[in-house]
Ligand code: PHE
């Protein structure tokens, strides 16, 4: 079986693909806007702690199950046990993961379509035709559907080429471009008047806010979404990792790079908001909170870029290019989940599986677009707020309780010979059995009760 499956060609290949999955709209859009609406530095601090306390251990659970079973999530979990009841639970969990990954992609492609449309919009601005009739800049059902379709086709085209020639190749091309574009943007925004005020809000924590219960759940949800956890993405990527790789170390790189890029994005967006304020653009909503969500990215920031003339149009172009790239390296990892499932369960070819699955997901995107008010927010809440943490609990339980301890140790020791003496092995197994599921559950229940 494993010889027919794809594999990443090197550790670097895996790290770029996995960070490509992790780094997406969650980092560049979600993290800065959550930070802005939860008291700046306080949120950053809690986020960092939760990432290493909860999200990194959960990431390891997925990578280990994936590499151990060499299967997609639906095939993988039942393989960890011989007990029929547990097998059935494993299968159901896997199917739930595949469904959620597909639903996340269905709304992600809509948002990515909005952002991609801003690229030609910025080009129109650069050529000097600054008019209200910039079709690309304004949302319309037809524009949104077309760009969602374009984004879905790009995603499918990469996934159809397979692990090494599609996912790995494109991630290693796009990720360095993303980091360079981001560094350039941060450097230019920080020189503009007003930026320092934003920087202060971002890095100085307001400790009074740290006990706010909404802050904890938001930070946890953000950490899970950002590391692509729960839905089997990291599990599938883990199933393509070579047995000679040191998994705990590789996973730590992924978590560190993901967090680093989220932090960098905050250095860009929050100062940019205060630059906008300095130029007379409104950045607080009527409830006196910082504008977040689509209004920030699709209105406030474009207004800022427009107010900066030619240079601004250019910054806008790079900014939206950056967001589109980040979205693409994440969307391919979401599509990979149902595609590997279809491929391994129904024994069809990769291109066929990709075409089929991508068409179904695009139809769901259209359904959401045409019933936007009713569906868009509801799908996001159901998938990211509820399902991802819940699936995270199941995956931790499977790694900690169902996968036999000897097998667990055997799996981690591949590529990491002295694992038994390591700090990782002293802490992680207990963590994944007790602390992770318990903490996630508590926060989850607390969230529902509130
Ligand atoms: N981690 C991605 C982001 O930050 C989103 C994602 C979620 C990707 C789930 C794959 C699976 O945007």
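The values are calculated or read from the model by the stated rules, or taken from the named source; none is laboratory data. All figures in this text were calculated on a predicted structure; none of them were measured in a lab. Cβ placement follows ideal geometry from the backbone for every residue including glycine, while neighbour counts extend to all protein chains displayed.
Results for (1) under 20 Å from the mean Cα position of the chain (by Cα); (2) farther than 20 Å from residue 395 by Cβ, shown as yes or no for each residue.
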{"position": "201", "(1), (2)": "no, yes"}
{"position": "204", "(1), (2)": "no, yes"}
{"position": "222", "(1), (2)": "yes, no"}
{"position": "228", "(1), (2)": "yes, no"}
{"position": "234", "(1), (2)": "yes, no"}
{"position": "254", "(1), (2)": "yes, no"}
{"position": "261", "(1), (2)": "yes, yes"}
{"position": "268", "(1), (2)": "yes, yes"}
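How many residues are within 7 Å of the ligand (Cβ to nearest atom) and not in a helix (DSSP H, G or I) when one looks only at the range 19-48?
2
Check the range 381-394 and report whether any residue there is surrounded by fewer than 18 Cβ atoms within 10 Å (Cβ to Cβ) and either more than 16 Å from the ligand (Cβ to nearest atom) or closer than 24 Å to residue 14 by Cα (or both).
No - not one qualifying residue is present in the range 381-394.
Give all pairs with beta carbons closer than 9 Å in which a residue from the range 199-210 that is within 12 Å of residue 267 (Cβ to Cβ) meets a residue that is outside any strand (DSSP E or B) and at pLDDT below 85; count only pairs at least 6 apart in sequence or on separate chains.
Final answer for the pair search is 201/36; 201/39; 202/36.
Identify, from the list 261, 270, the residue that is within 16 Å of the ligand (Cβ to nearest atom) and part of a helix (DSSP H, G or I).
From the options 261, 270, the qualifying one is 261.
List every residue pair whose Cβ atoms lie under 6 Å apart, where the two residues are 6 or more positions apart in sequence or sit on different chains, the first residue falls within the range 245-260 and is in contact (Cβ under 8 Å) with a residue 60 or more places away in the chain, and the second residue, located anywhere, is outside any helix (DSSP H, G or I) and surrounded by fewer than 20 Cβ atoms within 10 Å (Cβ to Cβ).
245/415; 246/415; 246/416
Which of (1) crowded, with 24+ Cβ neighbours inside 10 Å; (2) assigned to a helix (DSSP H, G or I) is the odd one out, the single condition residue 170 does not satisfy?
All conditions are met except number (1).
Does residue 159 count as out of contact with any strand residue (DSSP E or B) (no Cβ under 6 Å at 6 or more places or on another chain) and more than 22 Å from residue 239 (Cβ to Cβ)?
no
Regarding the range 59-73, can at least one residue be identified that is more than 14 Å from the ligand (Cβ to nearest atom), in contact (Cβ under 8 Å) with a residue 12 or more places away in the chain and more than 26 Å from residue 159 (Cβ to Cβ)?
The answer is no, given that none of the residues of the range 59-73 is more than 14 Å from the ligand (Cβ to nearest atom), in contact (Cβ under 8 Å) with a residue 12 or more places away in the chain and more than 26 Å from residue 159 (Cβ to Cβ).
Looking at 448, 440, 427, 361, can you tell me which residue is more than 17 Å from residue 98 (Cα to Cα) and surrounded by 16 or more Cβ atoms within 10 Å (Cβ to Cβ)?
440
Taking residue 348 and the conditions (1) touching a helix residue (DSSP H, G or I) at 6+ places or on another chain (Cβ under 7 Å); (2) surrounded by fewer than 23 Cβ atoms within 10 Å (Cβ to Cβ); (3) in a helix (DSSP H, G or I), which numbered condition does it fall short on, given that it satisfies the others?
(3)
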